[in-house]
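The structure appears below as structure tokens.
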Amino acid sequence: MVLELERLLARAIGAASRRFGTGGGTTLPGKVLWKAHPGAIDRLARSLPQGAVVLSATNGKTTTAAMAAQILRPRLRLAHNASGANLVSGVASTLLAAPEAELGLFEVDEGALPEVARRVQPRAVLLGNLFRDQLDRYGELEHVAERWRDALSQLPTTALVANADDPLLAAIAGQHAGPVRTFGVDDPRHARPSLQHAADSKYCPACGRPFLYAAAYVGHLGEYACPEGHLRRPALDVAAREIELHGLDGSRFELVTPEGTASVRLALPGLYNVYNATAAGALAGLLGTSLAEIVAGLESFTAAFGRFERIAIGDRRVLMLLVKNPAGANEAVRTLLEGTAPGLAVVALNDEIADGRDVSWIWDVDFEPLLASLDRVIVAGGRAAELALRFAYGGLDRSRIEVVPDLERALDRGLAETPSEGELVVLPTYTAMLALRRIIARRGYVGDYWEAAA
């Protein structure tokens, strides 16, 4: 009875937060419930008839979770934190908002994964990738991987879905006591000619020797082997093959699973979204979803907010591509260049807590191929000056770099320079993306981010 009263109070606080415009009510109700009743999350999760699923990754976790939700929603009522509120408070708020849910589907922050997993005792965990990101907050990749490994050691019967193309995750999967389903990309035609200089996990954790790569797809993800034989990419249970990338117009690939093979047409562009779709398909298949249902969900999926999101603003469009670390930014650049390279872009860099205070990562991004196509770039955000310096050192003439720190003014400058029926490319970091969407929502062109997620 006490828990139910606290639950009603927390939900009322969330509704008030939305009504008075102070937020989406995606974290505050959970914080209230957590403080008032620390064990409430555990009890709410235990009440889910189909249990809970937890997924985490450095890049793509919001999109992967949204894809999985699109696949599963026709047959299950979900508690899904679609707004991206992925700390313990966000998971708690999600459980509060979905009292009739059958299955919990929780995207979880890398640092919060151990605690969330301990509380919700998931039936399955999906690990998508580990890239260098917010080192001031997370620490080195090996530290995150060790915490993930320790968390899974406390869940010996939980099924693990792991990206076998990531050496650190393959090592975790090899030590997991419960069922394991691996996934990855298997199409050397789309491999890079060599590892990028910003690639992360390129050394064998056992002997320190550099991995030998037969194919490198995104950052350090690929087909690798230790020259001393300590670790190599395991066999793939679920694979993306025969991949066709159609620039900004989407992609097609063969999804190979234990249940069969099917062709998938994805509305989202880029090899990194093929990874996301393969991960979502691997998880859904593990949960008993048919291959036909997986394909139907993936083919009907449109982008999660801020991740390759197109927004009409009058007679122009904004194409928003979130960038937040070297691997993700490099793939955004790669995807843009596979289409018609833009002549104008707005790039926004913040250094708030959710972005990471250390913005030195921008020096590891291969911006140069994009800069070569740009007639002008507008740099914005709290660290706009540092972006301007990065682009100047990247070879862009300083007369073609416009520094407009204020996000609203930068957006308006970009739109003013975009021709009628044209598209403005915007590459923001996380908090800049949220702020820009709020500006566009205030003008009536799109719903607030929690509405878009819903």
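The values are calculated or read from the model by the stated rules, or taken from the named source; none is laboratory data. Values in this document were obtained by computation on a predicted structure and should not be read as measured data. Don't worry about glycine lacking a Cβ; one is built from the backbone with ideal geometry, like all the others, and counts go over all protein chains shown. The protein model used for the area step is the full one, side chains on, heavy atoms only, and it has no ligands, DNA or RNA in it. Shrake-Rupley method; radii C 1.70, N 1.55, O 1.52, S 1.80 Å.
Before moving on, here are some points about what is shown:
- The Ala385 and Ser194 beta-carbon pair, evaluated with R₀ = 30 Å, returns a calculated FRET efficiency of approximately 0.35.
- Reported to the nearest whole Å, the Cα centre-to-centre distance from the range 71-95 to the range 345-383 is 31.
- Global geometry of the range 135-189, whether rounded, prolate or oblate, following the gyration tensor of its Cα atoms and the 1.5 cut on a/c: oblate
- Accessible surface computed residue by residue for the range 279-376, with neighbouring protein chains in place and a 1.4 Å probe, gives 33 Å² per residue.
- Assigned charges on the beta-carbon of Lys, Arg, Asp, Glu; the chain dipole about Cα centre (debye): 1040 debye
- In this label model, Glu102 and Glu299 are separated by 2.4 nm, measuring between points 7 Å along each Cα→Cβ vector.
- For the chain, the relative contact order comes to 13 percent (Cα pairs under 8 Å, sequence separation of at least 6).
- Gain on full stretching of the segment that runs from Asp42 to Glu417 - 0.36 nm per residue minus C-alpha separation: 129.8 nm
- Carbon and sulfur %, accessible surface of the chain computed with the full protein complex present, 1.4 Å: 51 percent
- For the range 389-454: relative contact order, % (alpha-carbon pairs under 8 angstrom, 6 or more apart): 21 percent
- Every helix of 4 or more DSSP H residues in the chain counts as -39500 (n - 2.57), and over all residues that averages to -11000 deg cm²/dmol at 222 nm.
- The stretch between Asp406 and Arg118 holds 99.5 nm of extra length on full extension. This uses 0.36 nm per residue minus the Cα-Cα distance.
- Residues with amide H under 5 Å from that of Leu266, placed H, sequence gap 5 or more: Ser251, Arg252, Phe253
- The charge dipole of the range 293-392, taken about the Cα centre with unit charges on the Cβ atoms of Lys, Arg (+1) and Asp, Glu (-1), comes to about 280 debye, rounded to the nearest 20.
- For the range 397-413, Karplus couplings with θ = phi - 60° (6.51, -1.76, 1.60), whole Hz, Gly/Pro x: 4, 5, 5, 9, 10, 10, 9, 9, x, 5, 5, 5, 5, 5, 4, 5, 5
- Radius of gyration, Dmax [the range 160-317; alpha carbons; angstrom]: 16.7, 59
- FRET efficiency for Glu259 and His230, using Cβ-Cβ distance with R0 set to 35 Å, rounded to 0.05: 0.60
- Percent of beta bridges antiparallel (DSSP, the chain, rounded to nearest 5): 40 percent
- In the range 194-339, Cα pairs under 8 Å separated by at least six residues give a relative contact order of 17 percent.
- Between the range 187-239 and the range 404-453, the Cα center-to-center distance that results, in Å: 37 Å
- Ordering Ala214, Tyr203, Pro234 by the projection of their Cα atoms onto the charge dipole of the range 178-246, which places +1 on the Cβ of Lys and Arg and -1 on the Cβ of Asp and Glu, puts Tyr203 at the extreme positive end.
- Distance between the 7 Å Cα→Cβ label points at Asp375 and Ala177: 6.4 nm.
- The H on the amide N of Arg77, modeled in the peptide plane, is under 5 Å from the matching H of Glu102, Leu103, each at least 5 residues off or on a different chain.
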